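The values are calculated or read from the model by the stated rules, or taken from the named source; none is laboratory data. The structure presented is a predicted model; accordingly, all values stated were derived computationally and were not measured. All Cβ positions, even for glycine, are placed from backbone atoms using ideal geometry, and neighbour counts span all protein chains on display. Please note that ligands, DNA and RNA were not included when accessible areas were found on the heavy atoms of the full protein model with its side chains. Shrake-Rupley method; radii C 1.70, N 1.55, O 1.52, S 1.80 Å.
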Amino acid sequence: MTEAPKSAGTATLTYGDTSVELPVMAGSTGPNVIDIRKMYAATDAFTFDPGFTSTAACESALTYIDGDVGTLLHRGYPIDQLASKSSFLEVCHLLLHGELPTASEFAAFENIVTRHTMLHSQFDRFFEGFRRDAHPMAIMVGTVGALSAFYHDSLDIHDARQREISAIRLIAKMPTIAARAYKYHIGQPFVTPRNELSYSENFLRMCFAVPAEDYEVNPVLAKAMDRIFILHADHEQNASTSTVRLAGSSGANPFACIAAGIACLWGPSHGGANEEALNMLKEIGTPDKIPEFIEGVKAKKYKLMGFGHRVYKNYDPRAKVMKESADEVLAAVGDPNDPLFQVAKELERIALNDEYFIERKLFPNVDFYSGITLSAMGFPTSMFTVLFSLARTVGWIAQWQEMMADPSQKIGRPRQLYTGPTERDYVPIQQRG
Ligand code: SDX
């Protein structure tokens with residue numbers, strides 16, 4: 001149900017003695033765009049938008065965010081409905097194919113993903129090359145790109161069938177790689193995926209089972225894991241998705257593009273914030289220390305991690321669901337009065353009533369409560385961004401597929417405002433002062 005952009009009139013740009021008419025296009029909802037593709041030729045000037053705060057880099061039908069209202073839709077379905085009624089694999093099908101699957105379509109999709117969860121036996125040697133104390137994200141960055149060394153039958157990016165196979169392989173194998181990164185980090189043996197388990201059950205078992213005893217997946221944790229994956233699946237043109245698109249625009253293979261996305265996600269301003277947010281809550285420790293911490297934020301000594309967002313100027317709808325998830329998991333396996341959860345809730349209450357945060361429209365984002373939930377589930381903070389990258393793989397590869405299917409796709413190549421030295425002649429070293 002993709003709608004072609006519609007004309008919404010023109011915008012006139014007057015620059016010096018030049019006036020240029022620029023087409024305006026409307027999508028199915030959200031802000032219109034002013035098409036500036038012919039502006040440089042007409043004015044000999046570039047637009048300037050570091051950080052892309054006012055720039056639409058592409059057309060997409062996957063995810064819509066209304067940051068003012070706090071809306072997040074995947075192919076039109078609200079995130080809170082998907083989180084409460086769908087499953088991660090069903091959301092994967094929705095993002096990849098545009099529609100919720102019928103029962104038979106879902107069975108076929110789940111079957112093919114399940115049967116691609118194993119890794120080539122030689123792949124396991126990569127992990128041995130890392131120090132045991134390597135950050136699991138370093139292992140993810142280092143190994144996911146190496147998948148392109150194993151699947152030569154799905155590297156032709158101009159073949160839609162091979163693009164589809166690569167997408168399935170990535171979605172299926174990321175949990176196996178992520179679990180191996182964790183097991184290697186803690187010095188435990190790798191656990192093979194089991195085909196009778198669901199996607200999230202399989203991942204939890206590969207992370208927490210040990211050969212010395214049987215492992216039963218806790219259904220509350222499996223449901224919470226699956227919901228957390230749904231909340232992280234895709235998010236429009238965020239930094240790591242834009243990285244995947246830019247890498248893919250050169251014709252790089254999908255495994256290499258996803259490795260680039262993982263590298264970008266690792267940053268503390270992006271996917272690394274969930275790890276930093278929990279470390280921040282631990283540093284605050286108790287609710288009575290919150291006022292002093294808030295003063296440090298206002299003095300710009302540090303950021304309130306898990307707060308703020310480039311697009312959301314309202315409550316991140318994912319944070320609401322994540323907060324409910326934290327309640328459920330803590331009630332099931334943790335301490336319902338978990339001190340860090342109490343600190344987080346009090347910190348949110350104080351911040352949402354403080355003018356500094358109100359005027360800057362700073363609200364909790366998806367990373368604010370996720371760490372408390374993941375920690376209660378048994379994951380160390382170093383695994384939080386790994387879990388984010390596991391879930392976001394479907395969004396990255398769906399966005400990559402959307403770009404590769406566009407016949408007008410071309411390599412991304414931004415320009416600049418040059419402020420360096422103008423032309424000057426070389427001076428031999430003997431003549432330099
Ligand atoms: C994700 O793009 C996506 O969709 C990302 C994501 C996804 O699903 O892909 O949603 C996932 O990355 C969520 C965001 C996780 N990051 C954090 O929680 C880190 C903390 N947040 C900030 O670093 C910040 O809010 C950003 C990076 C998320 C957004 O920054 P912007 O849009 O560039 O805003 P800004 O830095 O220009 O801030 C505007 C003002 C500034 O104050 P002034 O200079 O006007 O006085 O707000 C302040 C900032 O200092 N500010 C914060 C703050 N975030 C912004 N002050 C304190 N704490 C914060 N968290």
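Annotations for the structure displayed:
- Summarising the amide proton neighbourhood of THR10: residues at separation of 5 or more, or on other chains, whose placed amide H is nearer than 5 Å comprise VAL24.
- In summary, the convex hull built on the alpha carbon positions of the chain has an orientation-averaged projected area of 27.6 nm².
- Diffusion coefficient (Stokes-Einstein, Kirkwood radius over C-alpha pairs, 20 °C, 1.002 mPa s) for the stretch 272-377: 157 µm²/s, rounded to a whole number.
- Of LYS38/LYS361; LYS300/LYS361; LYS173/LYS345, pairs whose Cα-Cα distance is over 28 Å: LYS38/LYS361; LYS173/LYS345
- Within the accessible surface of the chain, defined with a 1.4 Å probe on protein heavy atoms only, the carbon and sulfur portion equals 53 percent.
- Equivalent ellipsoid semi-axes - Cα gyration tensor, the stretch 78-226, angstrom: 26, 22, 13
- Rolling a 1.4 Å probe over the heavy atoms of the protein chains gives the stretch 272-377 an accessible area of 45 Å² per residue.
- Placing +1 on the Cβ of every Lys and Arg and -1 on the Cβ of every Asp and Glu, with nothing else charged, gives the stretch 272-377 a dipole about its Cα centre of roughly 500 debye.
- The alpha carbons of the stretch 27-66 occupy a box of 34, 20, 14 Å along the principal axes, longest dimension given first.
- Solvent accessible area, Å² - LYS38, 1.4 Å probe, full protein context: 110 Å²
- Put simply, the amide H of PHE307, placed in the peptide plane, has neighbours under 5 Å in ASN365, leaving out anything fewer than 5 places away on its chain.
- For PHE106 and TYR356, a Förster radius of 60 Å and the Cβ-Cβ distance give a FRET efficiency of 0.80, rounded to the nearest 0.05.
- For THR71, the residues whose modelled amide H falls within less than 5 Å of its own, excluding neighbours fewer than 5 places apart on the same chain, are ASP66.
- Segment ASP335..ASP124, full-extension length gain: 72.3 nm, with 0.36 nm per residue of separation and the alpha-carbon distance subtracted.
- Helix content alone sets the calculated 222 nm mean residue ellipticity of the chain: runs of n ≥ 4 DSSP H residues at -39500 (n - 2.57) each, divided across all residues, give -14500 deg cm²/dmol.
- When the charge dipole of the stretch 53-169 is built from unit charges on Cβ atoms (+1 for Lys and Arg, -1 for Asp and Glu) and taken about the Cα centre, the candidate among ASN111, LEU155, PHE130 whose Cα reaches farthest toward its positive end is PHE130.
- Value of D in µm² per second that Stokes-Einstein yields for the stretch 6-56, Kirkwood Rh from Cα pairs, at 20 °C (1.002 mPa s): 179 µm²/s
- Stretched out straight at 0.36 nm per residue, the stretch from PHE52 to LYS410 would grow longer than its current Cα-Cα span by 127.0 nm.
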